[in-house]
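Take a look at the structure below.
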Amino acid sequence: MSSFSSLVLRILEKAAETCLFWEGKILLRQGRLEEFVNHVMDPEFDYKPYLKQVNPYYARHGFKFSMVEAEYNSRLSGVKSDLYISNTFFRHYLVPFLNGDGKNVDKNMFRKLLGNGNPRKKVAFTMAEQVTYNMNGVFYDGNDDCISPDEAVRLVMAYDKDLIVKPTLNTTWGKGVIKLSRNERSEEKVRQLFAQYRKDFSFEECVIQHPDLASLNESSLNTVRICTYRRPNGEIKYLFSILRFGEKGSVVDNASAGGNFVGVMPDGTIKRKMVKYHSLEQHPFNHALEKVPCFERLKATAIHLHSKLADLNYVGWDFSVTPDGIPVVIELNQSPAVNGFQMTVGPAFSKEDLDELLPLIKQRKVSCQAFPTITFADKRGKSARIKG
């Protein structure tokens, strides 16, 4: 290549890099308010008067966010506060700072990382039995042995219980989760599903849930979302929880799929008001269930399992409970939204946590292209490094 061609190539590369940089700046300035408006907010809520109201708490730490989400959340939760986390802060600053570069890990991998099959595990928990799963186009059986697509079909056909089929990579809002009952199964149907999902999915058993949870809605697996957080000193702590249950006839309980959710207090007591996305209307939670079953056990399990995930400092755990009280890890989420909790109980992070985090985040202000690298040392002297 001639020197002139090399020069032109470098100029073009620099121009492309500059365009990407400014595109990122514009996206960051625009923030994620549009996502909140379209995905969460009641369309009747007039948010424009709050667009120019700067959140005073975050402004003191060098972050300029509006009061739109704080105002909306306070109307539902009844807690007036400027500590509410906005989608812009959550997506562009908090999660990248705590969990690194944002590359999602296939949820099939977490089964191994958590040690579900370890007979000597320190905390009793279980996960749904996998009949077959697919990672990057390759099929495996429940023993993690590589198998052919034909063998995967045979395993599904031979399983004599209902199954849940779900994607395992880049999954959000319960999309793509279906129930495959025993009586509607055929080889043709299974092959159609393989072709539809293409890769990165799982066929696993339908969990038999605790009767208290099943009583909320029999058609869906109703889950407890628990979020845990690793502090800069390495301590892993419980943050918040919500209880989710589907509408009658629905298979999934996700709020984004029309499900209901209620806030859960730190002792497991269920708030007596129920909310939904796209509505400022509050509905009374008149169900007889007053506390989440085995809640202290769920919290302890979440904290213990989080200690196994060195590169994730903020995790959302979806739990069910077996009829005999054993926690069931349905899945974990690497960037669990805070909207559900903030709409029902109040700010997701305490002032003490935010006072500790915000100066650290400010030191390494995150743009759409740059992510921080920081090492959190835990009590054993080991480190949980966030990849940059």
SASA check, HIS283, accessible area w/ 1.4 Å probe, all protein chains in place, rounded to nearest 10 Å², comes out at 60 Å²
Rounded to a whole number, the Stokes-Einstein D of region 215-329 in µm²/s (Kirkwood radius over Cα pairs; 10 °C; 1.306 mPa s) is 107 µm²/s
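Which links in LYS271/LYS308; LYS237/LYS308; LYS166/LYS271; LYS299/LYS362; LYS237/LYS362; LYS166/LYS273 stretch past 25 Å when you go from one Cα to the other?
Working: LYS271/LYS308 31 Å; LYS237/LYS308 14 Å; LYS166/LYS271 30 Å; LYS299/LYS362 30 Å; LYS237/LYS362 23 Å; LYS166/LYS273 30 Å.
With Cα atoms farther than 25 Å apart: LYS271/LYS308; LYS166/LYS271; LYS299/LYS362; LYS166/LYS273.
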Could you give the spread of the C-alpha atoms of region 61-184 along their three principal axes, from largest to smallest, in whole angstroms?
-> 56, 33, 31
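Leaving out ligands and nucleic acids, and using a 1.4 Å probe, what accessible area per residue does region 237-357 come to in Å²?
On the way: 4180 Å² over 121 residues.
Dividing the accessible area of region 237-357 by its residue count gives 35 Å².
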Which loop-located chymotrypsin sites (Phe, Trp or Tyr not before Pro) does region 131-235 contain, where loop means any DSSP state but H, G, I, E or B and the Cβ has at most 15 other Cβ atoms within 10 Å?
-> TRP173
Length-normalised contact order for region 102-198 - Cα pairs under 8 Å, 6+ apart - percent | 22 percent
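What's the FRET efficiency of THR126 with LYS48 using the Cβ-Cβ distance as r and R₀ = 45 Å, to the nearest 0.05? Write down the numbers at each step before the final one.
Values: r = 49 Å, r/R0 = 1.09.
That pair, THR126 with LYS48, gives E of 0.40.
If a/c stays under 1.5 just call it rounded; otherwise compare a/b with b/c (prolate if a/b is bigger, oblate if not). Do that for region 266-307, with a ≥ b ≥ c from the square roots of the Cα gyration tensor eigenvalues.
Working: a/c = 4.32, a/b = 1.84, b/c = 2.34.
It is oblate, given that a/c is not under 1.5 and a/b is not larger than b/c.
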Surface accessible to a 1.4 Å probe, VAL95 within the full protein complex, Å² = 20 Å²
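First obtain the Kirkwood hydrodynamic radius of region 198-252 from its Cα pairs, then insert it into the Stokes-Einstein equation at 20 °C and 1.002 mPa s, and state the resulting D in µm² per second as a whole number.
Values: Rh = 13.7 Å.
Diffusion coefficient, whole number: 156 µm²/s.
Considering only protein heavy atoms and a 1.4 Å probe, what is the carbon-and-sulfur percentage of the accessible area of region 132-241?
Accessible surface attributable to carbon and sulfur in region 132-241 totals 45 percent.
Which shape class, rounded, prolate or oblate, goes with region 173-230 when its Cα gyration tensor gives a ≥ b ≥ c as root eigenvalues, a/c under 1.5 marks rounded, and past that a/b bigger than b/c marks prolate?
On the way: a/c = 3.12, a/b = 1.48, b/c = 2.10.
Oblate shape, in that a/c is at least 1.5 and b/c is the bigger or equal ratio.
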At what distance in nm do the modelled label points of ARG60 and VAL138 sit from each other, each positioned 7 Å from its Cα along Cα→Cβ?
-> 5.3 nm
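I want the local charge near PRO293. Using Cβ-Cβ distances under 14 Å, sum +1 for each Lys or Arg and -1 for each Asp or Glu among the other residues. Provide the component values of the computation, followed by the final result.
On the way: positive: LYS291, ARG297, LYS299; negative: ASP212, ASP267, GLU290, GLU296, ASP324.
Local charge sum for PRO293: -2.
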Computed lengthening from ILE208 to GLU281, 0.36 nm per intervening residue step minus Cα-Cα distance | 23.0 nm
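The values are calculated or read from the model by the stated rules, or taken from the named source; none is laboratory data. Please read these numbers as outputs of a predicted model, since none were measured by experiment. Every residue, glycine as well, gets a Cβ built from its backbone with ideal geometry; the counts of neighbours run over all protein chains shown. We work out accessible area using only protein heavy atoms, side chains counted, and drop any ligands, DNA or RNA first. Shrake-Rupley method; radii C 1.70, N 1.55, O 1.52, S 1.80 Å.
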